[in-house]
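Right, one structure below, let's go through it.
Nothing in this text is a laboratory measurement; each read-out follows from the coordinates by a stated rule. Remember, predicted model here, so these are calculated numbers, not experimental data. Don't worry about glycine lacking a Cβ; one is built from the backbone with ideal geometry, like all the others, and counts go over all protein chains shown.
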Amino acid sequence: MIGADEDSVKDHSGLLSRLMGSSTTCQAMEGVIKEGAKVMAADMSPEVMDAAIVAGSQKIEHLEIAGYGTARTYAENLGLTEAANLLQQTLDEEYQADQILTGLAVSVINERAEAGVSSNSY
Ligand SMILES: [Fe+2]
């Protein structure tokens, strides 16, 4: 859509990729995923685990929001309207996912986690 082929992508790999050691893997996302795996392997009540999984999932959503928001703005600045619109659509979905997770956390999951911690620690 933006006129890039495989060779041009290789020739003009992004500044961030070069700064991060020529990797296209997001090290921040890798870290959040590793953190999530560590949390899920920990010994805790199912209620606290649910709250921890929601919190970890929201970290992922926030990273995605940062990435898609930046990419959308770059696309806008470069006049890539169609790409910007698609990136905005994805950004909206990420915000929506974050809001759903917040709704779950504040409506029930955090209260259950608090109750779970109380019943297990006394
Ligand atoms: Fe997401």
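Rounded to 0.05, the FRET efficiency of the THR81 and THR102 pair, given R0 = 25 Å and the Cβ-Cβ distance, is 0.20. Magnitude of the charge dipole for region 30-122, about its Cα centre and with charges confined to Cβ atoms of Lys, Arg (+1) and Asp, Glu (-1), is about 200 debye. Here the peptides 65-77, 46-58, 95-107 are ranked by packing, the mean other Cβ count within 10 Å, and the order with the highest first is 46-58, 65-77, 95-107.
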